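One structure below.
The values are calculated or read from the model by the stated rules, or taken from the named source; none is laboratory data. Quick caveat, the model's predicted, so the values are computed rather than measured. Virtual Cβ from ideal backbone geometry, glycine too; neighbours counted across all protein chains shown. Ligands, DNA and RNA are stripped out before the accessible areas are found, and what is left, the full protein with its side chains, is counted by its heavy atoms. Shrake-Rupley method; radii C 1.70, N 1.55, O 1.52, S 1.80 Å.
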Amino acid sequence: MEMYQYGSVISMLALLLIFLLFSVVINYFLFNRELIAPAFLFSVSFFISVPWALLYKKKWSLDISSNTFMVILGGVVTFMIVSLVVDRVSILIEPRINMEVNHSNFKEISKMKSIIVLVLELITVVLTIKYIKNVAPSGSLSESIDLYRWKTSDNIDLPSMDRYLSWLRTFTDASGIFFSYIVSRNIILLKKISYIDIMIFLVSACSGYLLGSRGSTVLLIVGLLVYIYFSYFQKKSNIFTINTKTLVVISISFVLLVLTFQVSASFLGREISNYSMSDYLSIYFGAEIKNLDTFLTGGSFPVKTSFFGEQTFIYLHQAIDRIIGNGNNIRFILPFLNVNGYSLGNVYTTFYPYIYDFGYVGVPILVGFMAFTSQIIYIRSKREIVLGKDLPVYVLIYGRISACLLLSFFSNKFYENIFSVNFIEMILVWIVLITVLPKKGKIINYNEV
């Protein structure tokens, strides 16, 4: 009996991996070989994670249930179907325009105004460091960052950031995204390098580290890759397929990013000497499958909560609570898990909060809405690129959405980052930057570059 169970575990995980591979291939061709199509990114997300779970199934005693199998595969299929319907209906409502890119003129960004943005970012970093050292005093900055992370993970009440610092951090995050697009556009389309713009991007990336999490920095880097993808095909006038050489470059870039993940932990003061690189990466790329399975097999759903979508829309609830001042103090409910002496962290894939709040019915509803929203924004982004629109807002938005989709295997990045007051504030910052930063009357003609 024990051997039969062990064999079934292997076949269940392997079967899930095979189905996910099929979904990746199907999405690739259904959506015209576009590597940044929402459905493709969502399916790739879990196709990246499951092999790690398969590799560590014995160490983690990973006895995947049929519930977990159906939630993951059902979520991926639901996303694909909704995205496909939206894509095909959009053709009927708004016929495809000529896919030949209109290379319009580009507004040149003022160097002096870019310097002002950089100075504001540096001020943000200094004030954030001061805040971290005050609320989590320790020997070095990295130790303070790690202490701050543990305090927030344990839901320990800490003094809130001053409102002006919170606004500066939003400005810094938004500026990093905005200038990641500017950097990709300048290098690929205009064949120019602005070191100030690159510095703005890098300072924004470093700012994300100061609160003990690499999430915002990873989202920023993935967004940069998406903007490079958009710019590349705006240059090639060939929306949006990709050749083998470019695919290899993207794959190598992703591998290098993954390999630096463990090294970056040391800058956050985290103890990593007890982990091999494989063990460390498995926690971030595969443990979510085990954690989700533990959650699904350990209780009844939905869990009784005080507010509608408490965990799914937690940042919206927290923002409303700050405005109203009810003092509800809504927190993440993400227990840290361990198995056989291995720490598996406290992330459970994007499906965890949906099921926690709404039961299994929450998966098709929330995944379907995610697919609907993502596909609409993606369609609008492609139109902006095809029409040669300079400083396109939809493209900026999709850069963040695409990163959230790719990290769906990790946690609920989409609803946490997109359905939040902070994201609305970032869009407002982009609109201001689009209005203020370009030089008046200074236009660069693409065809003259």
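Listed here are the residues, each with its yes/no results for (1) without any contact (Cβ under 8 Å) to a residue 12 or more places away in the chain; (2) among the β-branched types (Val, Ile, Thr); (3) more than 24 Å from residue 56 (Cα to Cα).
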site	(1), (2), (3)
330	no, yes, yes
335	yes, no, no
370	no, no, yes
375	no, no, yes
381	no, no, yes
384	yes, no, yes
393	no, yes, yes
398	no, no, yes
407	no, no, no
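Against the list (1) open to solvent by less than 50 Å² (accessible area, probe 1.4 Å); (2) closer than 19 Å to residue 68 by Cα, the condition residue 335 fails is (1).
Taking the stretch 189-217, which residues are open to solvent by less than 30 Å² (accessible area, probe 1.4 Å) and part of a helix (DSSP H, G or I)? Listed by number, the residues that qualify are 197, 200, 201, 203, 204, 205, 207, 208, 215, 217. Taking the numbered list (1) assigned to a helix (DSSP H, G or I); (2) closer than 16 Å to residue 295 by Cβ; (3) in contact with a helix residue (DSSP H, G or I) (Cβ under 6 Å, 6 or more places away or on another chain) in turn, residue 70 passes all entries but (3). Mind counting the residues in the stretch 210-251 that are hydrophobic (A, V, I, L, M, F, W, C) and modelled with pLDDT under 75? So the count comes out to 7. Considered as a group, the residues in the stretch 351-369 that are within 16 Å of residue 69 (Cβ to Cβ) and β-branched (Val, Ile, Thr) include one that is surrounded by the fewest Cβ atoms within 10 Å (Cβ to Cβ), and that residue is 363. Residues of the stretch 337-358 that are free of Cβ contacts under 8 Å to residues at least 60 places away in the same chain, farther than 14 Å from residue 294 by Cα and not charged (D, E, K, R): 341, 354, 358. Consider the stretch 370-393. How many of its residues are outside any loop (DSSP other than H, G, I, E, B) and either open to solvent by less than 10 Å² (accessible area, probe 1.4 Å) or modelled with pLDDT under 95 (or both)? Adding up the residues that qualify gives 14. Restricting 363, 347, 393, 386 to those that are out of contact with any helix residue (DSSP H, G or I) (no Cβ under 7 Å at 6 or more places or on another chain) and not charged (D, E, K, R) reduces the list to 386.
Residue check: is residue 350 within 22 Å of the chain's Cα centre (by Cα), within 21 Å of residue 52 (Cβ to Cβ), modelled with pLDDT of 90 or more and not charged (D, E, K, R)? Here the answer is yes, as residue 350 does meet what is asked.
Checking each residue in the stretch 164-206 for being within 14 Å of residue 230 (Cβ to Cβ) and of a type in the set (Ser, Thr, Tyr) picks out 180, 181, 184. For the stretch 59-98: of the residues being without any contact (Cβ under 8 Å) to a residue 60 or more places away in the chain and open to solvent by less than 30 Å² (accessible area, probe 1.4 Å), which is farthest from residue 378 (Cα to Cα)? My answer is 69.
Residue 271 - would you say it is at pLDDT 80 or above and charged (D, E, K, R)?
Answer is no for this residue.
Restricting 149, 163, 185 to those that are open to solvent by 40 Å² or more (accessible area, probe 1.4 Å) and touching a residue at least 60 places away in the same chain (Cβ under 8 Å) reduces the list to 149.
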